[in-house]
Amino acid sequence: MFEPIRGYVKKFSLSAYNRGAGVAIRKAVLGNAAGVIGAAKLLLDPQK
Amino acid sequence: MGKRCAIGMDIGGTQLKAGIVRDDGKVLYQCTAPTLAISGREALLGQIGAIANDLKGTADEWDFELAGTGIGTAGFVDLNGTVAEATGNLPGWSGTRLKEEMESRLQVPVRVDNDANAMAAGEMWLGAGKDAEHFIMITLGTGVGGSIVHDRRIYRGREGFAGALGHQRVVIEGEACTCGQRGCWEQYASVTALRRLMVTKGVQASTAEELFEDLRNGDPAAMSVVDEYARNIAVGLANLIHVFNPSSIIVGGERLRLRETPCSSRFGDT
């Protein structure tokens, strides 16, 4: 799934400005836990 | 370290996820339940309160110091923890003073943020955004959520509503969106949109999982659907790259589901 997305992103952002060059398209690694961890972080580290 | 924790909750249009998180980020317990979205505000508040209270009891039993409860919810959350505008996926949720309601019910500090912002905070802390100064997070689910991280801080805008990336318009006079506009990106890039595309293209698969299985087996119809869906996602990402010049874009959501422990049945039936 990620390879065709990366391919199309490259195609769509390839212009005279070439803004898409070097932008990494990454898969979230925490999956469904990301929202739970991030919400808890609001209390554990309220600076962010 | 290890005796302090917080409850984290993620309220999406379809699923509610909750867990006990230690102060080093380790998830000690996590569960999910179908969100009581269509049952209305009071039912959903009751469900959130029941799950949070149960987890609070567990944290007490384990002798943890509970810092409070953090809630990420779909919708536009203002800087005071009120859901100013809900998405169409959570009818009746608009105007809910979620921080106030939950502090009253749980008697612990509560903080509330948009669900995509909470996911971005999690990925920034321990995941794919650990080393990124500037990144965009998008979540592909019932809708498309977004979060903008600048200098390792979530950019919130004037009222806290920045990051509604799913509502960038990618097709003039396109598909009707739950926001009242037409042609919003989430009408093309969400999992809901993927399912619609599957019906339109007449593929055999009835779920995204089956579709990807068919793709692995070389089914041309599945390839066509995935190709169009990837293109739909990419067109929005290319716009974001031009606007924000990020170092990375992190993509999360239903496609990347982890194995989890189901919540006890009473959570889903509250």
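Does B:Glu210 meet the test of being charged (D, E, K, R), in contact (Cβ under 8 Å) with a residue 40 or more places away in the chain and surrounded by 14 or more Cβ atoms within 10 Å (Cβ to Cβ)? Taking the combined requirement at face value, the residue does not satisfy it.
Between a residue in the stretch B:220-249 that is on the phi > 0 side of the Ramachandran plot and any residue that is at pLDDT 90 or above and surrounded by fewer than 19 Cβ atoms within 10 Å (Cβ to Cβ), which pairs come within a Cβ distance under 8 Å, given they are 6 or more apart or on different chains? Between residues of the stretch B:220-249 that are on the phi > 0 side of the Ramachandran plot and residues that are at pLDDT 90 or above and surrounded by fewer than 19 Cβ atoms within 10 Å (Cβ to Cβ), the close pairs are B:Asn245/B:His134. Filtering the stretch B:102-124 to residues that are assigned to a helix (DSSP H, G or I) and surrounded by 20 or more Cβ atoms within 10 Å (Cβ to Cβ) leaves B:Met102, B:Asp115, B:Ala116, B:Asn117, B:Ala118, B:Met119, B:Ala120, B:Ala121, B:Gly122, B:Glu123, B:Met124.
Can you name every one of the strands (runs of 3 or more DSSP E) wholly within the stretch B:1-49 that holds 3 or more residues which are surrounded by 24 or more Cβ atoms within 10 Å (Cβ to Cβ)?
On the way: elements: B:4-11, B:15-22, B:27-34.
Counting at least 3 such residues, we get B:4-11, B:15-22.
Out of all the residues in the stretch A:14-26, which are modelled with pLDDT under 90 and either closer than 18 Å to B:Met137 by Cβ or more than 7 Å from chain B (Cβ to nearest Cβ) (or both)?
Within the stretch A:14-26, the first condition is being modelled with pLDDT under 90, and the residues that meet it are A:14-23.
The answer is A:Leu14, A:Ser15, A:Ala16, A:Tyr17, A:Asn18, A:Gly20, A:Ala21, A:Gly22, A:Val23.
With respect to the conditions (1) facing chain A (nearest Cβ under 7 Å); (2) on the phi > 0 side of the Ramachandran plot, B:Asp63 lacks only one, and its number is (1). Checking each residue in the stretch B:67-81 for being touching a residue at least 24 places away in the same chain (Cβ under 8 Å) and either in contact with a His (Cβ under 8 Å, 6 or more places away or on another chain) or surrounded by fewer than 19 Cβ atoms within 10 Å (Cβ to Cβ) (or both) picks out B:Asp78, B:Leu79. In summary, B:Gln30 fulfils each of the numbered conditions (1) at pLDDT 95 or above; (2) within 11 Å of chain A (Cβ to nearest Cβ); (3) within 22 Å of B:Ala116 (Cα to Cα) with the single exception of condition (1).
Yes or no: B:Arg196 surrounded by fewer than 18 Cβ atoms within 10 Å (Cβ to Cβ) and either within 14 Å of chain A (Cβ to nearest Cβ) or assigned to a helix (DSSP H, G or I) (or both)? So B:Arg196 fits the description; yes. The single condition from (1) within 14 Å of another protein chain (Cβ to nearest Cβ); (2) more than 16 Å from A:Leu44 (Cβ to Cβ) that B:Ser39 fails is (1).
The values are calculated or read from the model by the stated rules, or taken from the named source; none is laboratory data. Every value quoted in this text rests on a predicted model; they were computed, and no experiment measured them. All Cβ positions, glycine included, derive from the backbone under ideal geometry; neighbour counts span all protein chains shown.
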